[in-house]
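> I have a structure here, written as structure tokens, and I will follow up with some questions on it.
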Amino acid sequence: MSELLFAYGSLKDEDVFRAVTGHDRGESRMARLNGYAMGETIYGYPAIWPKEHGIVHGLLIDGISGEDLTRLDSYEGVEYKRVLVEVRVDGEMASAWVYVGKP
């Protein structure tokens with residue numbers, strides 16, 4: 001079963017995504033995540049944090065496998081945690097994984 005990933009930083013870049021997962025991105029669409037905002041960077045990389053009324057624009061990537069998530073977890077490291085969120089895409093809501101900064 002494939003999953004969705006909401007990417008807002010380096011994983012939006014096709015070359016970075018391919019280097020991490022070993023394959024090209026699947027279908028992707030512009031999406032919006034409410035309740036989070038860009039905040040303090042982690043080692044110069046973008047990070048989002050929960051914030052009431054916050055909005056983060058990003059890319060919703062389809063076709064993410066369990067193996068992809070394992071590789072993405074390793075890439076993001078201990079400074080980020082993967083959480084399941086609801087994102088708005090094409091006027092509808094969809095459940096997707098996203099990496100947020102750890103407090």
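Since every read-out is calculated from the coordinates, none of them should be taken as a lab result. Fair warning: this is a prediction, and the values are worked out from it, not measured in the lab. We place every Cβ from the backbone using ideal geometry, glycine too, and count neighbours over all the protein chains shown.
> So if I check each of Gly66, Gly77, Gly58, Gly54, which one is out of contact with any helix residue (DSSP H, G or I) (no Cβ under 9 Å at 6 or more places or on another chain), surrounded by 15 or more Cβ atoms within 10 Å (Cβ to Cβ) and of a type outside the set (A, V, I, L, M)?
One residue alone meets the criteria, Gly54.
> Would you mind finding the one in Ile48, Ile42 that is among the aliphatic types (A, V, I, L, M), out of contact with any helix residue (DSSP H, G or I) (no Cβ under 7 Å at 6 or more places or on another chain) and within 17 Å of Val100 (Cα to Cα)?
The unique qualifying residue is Ile48.
> If you take the residues in the stretch 87-100 that are of a type outside the set (A, V, I, L, M, F, W, C), touching a residue at least 24 places away in the same chain (Cβ under 8 Å) and farther than 28 Å from Tyr43 by Cβ, which one is surrounded by the fewest Cβ atoms within 10 Å (Cβ to Cβ)?
The qualifying residue surrounded by the fewest Cβ atoms within 10 Å (Cβ to Cβ) is Asp90.
> Continuing with the same structure: State all residues of the stretch 1-34 that are in contact (Cβ under 8 Å) with a residue 40 or more places away in the chain and part of a strand (DSSP E or B); if no residue qualifies, say none.
Selection gives Glu3, Leu4, Leu5, Phe6, Ala7, Arg29, Met30, Ala31, Arg32, Leu33, Asn34.
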